[in-house]
Each structure stands twice: as structure tokens, then as C-alpha cells.
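Participant: Input: one structure, supplied below.
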Amino acid sequence: MEKLTHNTNRLWLGRILRVLRVLLLLPVIYFILNEQPWSSFSLLMGVAFLTYIIGFQVKPYEIEKPYYTLWTRFFEMGFSALISTTLLYKQWWSIDDAVLPKFIFSATLILIARMIIYPFFAISLIRAQKELRYSSFWARSARVVILLSLALSTLNFEYYVDISLGILILYLLATAIAFVYRYYRDPDHRKPLSIASQITTSRIVLTPVFILVFFYDNDLLYHNNHPIFKWLALIMVVSFMATDWLDGYLARKMGDVSTLGKFLDPFSDKISNMTIFLCFMSSGYANIWMVALIYFREASVETLRTLGATKNVTIAARPSGKYKTAIQGGGILIILTGALDSVQRLIPGFDQIWEYLPQTCMTIITVVTLLSGIDYFISNRNVLKHYL
């Protein structure tokens, strides 16, 4: 009886807080349109706090009726999308000759798509008598991140706003992928992604964001990019390398080495590295022949692996492949670090060094990558004998 009373109190407290949250969101649009940024910011911060209380303390969705949860979530998404659209209107259409704010435009599109698609997913799950779960940490934290990013956007702190919106876009993409994966994989035949595979997948998800960061200023020359985004690009590359080591360590430590992980790990590495090399080529740090040869090596080795798999031959990683990965990572770090304005000011005469440094690094990377590819083919020539 006591538990039933407690659940009833949680249910009604959750409903009251949700109604209060909606009422607080309504005047935000008015304040944005009437150019009262601090009022909008204060209200959105209050709504973010309420969202935290609802999602992490009260948790009414655990005992709420499915359709009630569905439509309350729909209206919450709708207001977020409406606020983001209003911000986009104020920052673009209301200003003559304004440049399209890329991040808020992307965030707005994703929020609108999320609002439209979510009911169809949820209704199909309810009709299939599948449970609507909302206890995921990432799903709850994403709602708080949305409101915090929108709050910061009302103040229009330029680059810091773009960084927060970039994080928001990542959160939304990650939660969307998690939602589809969680509810549409058959639990009787497939097991969830391991932690190691999730970390590996994060590199694939982050790779398109690296392109946005690298070309933030709409200038092919990375040297002209804003310092904040140069640092952000460097941090992202460091995270790529750290997660590359971490996913393998966790898979071995937890005894969860999977076939999917064996394919995902090299795939994510090649996707992220080739994306970085293509960005370098656009800025003149690498020549087209370098990137073409690197791609040729990667594609050839993967084809060799595929040929081996058809004959039940596993092509193990070669020491040369590990050296190649280390040298590629080191070269990328050297180029991105050298492109930092603070580094160029710190080292006397660095401008003369910089004229040759990127091309030299990329030449070494290309040579080592090709030698590694040759080593793979020589060491696994028995595989080719089946086809030649």
C-alpha cells in the first residue's frame, strides 16, 4: 500500500512538473522575438533544471501510461524545435546579408525531424505491445543538453554557442541511433553492442563532425580557421586515438572480443583517418597522389582480408600495420599541433619550418603506409595462390 501511494505521488508530481515546464517554455519564444536574451536564458536554465529533476529524480515515465508519455514527449520536442526555429529566424532571416548559422540550422533540422519521426516509432512499439523505456542515461541527459544549448544560443556568444550546438548535434544523433538499435534489434537472436563496440562506433559518428570543425569558417585553408576550432579538431583527433586503444583494451579485458568488433575497429580507423587526410588535401597539407596511394593501400588490404575470409583464413594484424597506425597518428598530431596559432608564435622561425612540415609528414606517412601494404601481401601470398 505504501509503495502504491509513493508511485501515485511520483506520477502526479511528474505531471505537475511537466505542465510547469511547458508553461515556462511558452514565454521563451516571446522573449527571443522581443530581444530579451537574459530573460530567455534564465527561463531555459530553469526548464533545464526541471528536466533534470523529472528525468533523474522523479522519473514518472517508469509508471506513466504509454500514450500519455508519448504525447507529453511529443510536445516537449515540439517546443524545443520551435524555440530553435525562432533562434534561427532571429540570427538569419531577420538580419540583412546574414550568413547561414550552420550549427543552429543543423540542430533545428534534427530537432524537427526528431519531433516528426518519434511518434511513428513510439506508436508502432505500443501497438506491438513493446515497452517504452525512458530510463537510458543518454536519453535523459540529451533532454537537458538540448535546453542548455538553446539557453546558451539565446545569448549568442558566437563560437562558444557553436561548440555547444555541435555537442547537441552529437547527442541527438547518438540517442537516435541508440533508440533505433535498442527497439528494433531482436533480443532473442542478437545481443546488444558491447561497450568496446559502442566506443568504436563513436569514432564513426564523430567523423562527420570533424569535417564541420575543420571547415568551420567556410575556408578551405585550415590555417585561417578560428583558434577555438583548431583546438577542438586537435582534441577530437586525440579522442580518436584514445578510443582506438581503449576499445581494444576493454574487449580483451572483459573477454568480449566479437566478430562485429573485429570488422568495426579497422573500418572506423580507416573512415576517420581517410577523412582527416582528405581535409588535409583541401588545405594543401597533402597532395592528391598521397591520399590516393593511402586509399589504394587501405582498400587493397581490406580486399585481401575479404579474400582470406572466403577461404576461412584469418589475416592477423602485422607489426608493420601497427607501425603504420602509430606513424599516421603521430603525423596527424604534428600537423594539427603545428597549425595552432599559439604554437607558431611560440617557436621562433616556425613559419619557415611550417612551409615544409605538413608535406614532409604526409610523405613519411604515405611511404610507411605503402610499405605496410606490401608487407601484408608478401606475408599472405598463400591467400592469393587460391585465386591466381
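Participant: For region 216-322, what log10 I(q)/I(0) values come out of the Debye formula at q = 0.12, 0.14, 0.17, 0.23 1/Å, with one point per alpha carbon and no solvent?
Facilitator: Results for region 216-322 at q = 0.12, 0.14, 0.17, 0.23 Å⁻¹ read -0.56, -0.73, -0.97, -1.33.
Participant: Continuing with this model, one more query. In region 351-388, whose amide N lies under 16 Å from the spot 7 Å out along Cα-to-Cβ of Ala326? List them in ranges.
Facilitator: In region 351-388, the label zone of Ala326 (backbone N under 16 Å from the point 7 Å along Cα→Cβ) covers 365, 368-369, 372.
Participant: Taking the Cα centroid of region 40-91 and of region 301-316, what is the distance between the two, rounded to the nearest whole Å?
Facilitator: Answer, in whole Å: 50.
Participant: Taking just the C-alpha trace of region 208-388, give me its Rg and Dmax in Å.
Facilitator: Expressed in Å, the Cα Rg and Dmax of region 208-388 come to 18.1, 58.
Participant: A further question on this structure: With 10 angstrom as the radius, rank Ile32, Ile315 by how many other C-beta atoms surround their C-beta, starting from the fewest.
Facilitator: Ile315, Ile32
Participant: Also, quick follow-up: Using the beta-carbon distance between Ile117 and Ala316 and R0 = 51 Å, what value does 1/(1 + (r/R0)^6) give for FRET efficiency, to the nearest 0.05?
Facilitator: 0.75
Participant: May I pose another question? How large is the Rg to Rh ratio of region 320-388 when both quantities use alpha carbon positions and Rh follows Kirkwood?
Facilitator: 1.24
Participant: Listing Glu35, Glu298 from the residue with the fewest other Cβ atoms within 10 Å to the one with the most, what is the order?
Facilitator: Glu35, Glu298
Participant: Continuing with this model, one more query. Could you check the spin-label model distance between Trp231 and Val367? Points 7 Å from the Cα along Cα→Cβ, value in nm.
Facilitator: 3.6
Participant: A further question on this structure: log₁₀ I(q)/I(0) of region 32-84 at q = 0.25 Å⁻¹, via Debye over equal Cα point scatterers, no solvent, to two decimals?
Facilitator: These q points yield log10 I(q)/I(0) values of -1.05.
Participant: When Lys and Arg each count +1 and Asp and Glu each count -1, what net charge do the other residues less than 13 Å away from Gln344, Cβ to Cβ, add up to?
Facilitator: Here the charged neighbours net out to -1.
Participant: Now for a separate question. Taking 7 Å along the Cα-to-C-beta vector as the label spot, tell me the Phe137-Ile167 distance in nanometres, rounded to one decimal.
Facilitator: About 1.6 nm separates the two model spin labels.
Computed from the coordinates by the stated procedures, all read-outs in this text should not be read as laboratory data. Keep in mind it's a predicted model, so treat the numbers as computed, not measured. We place every Cβ from the backbone using ideal geometry, glycine too, and count neighbours over all the protein chains shown.
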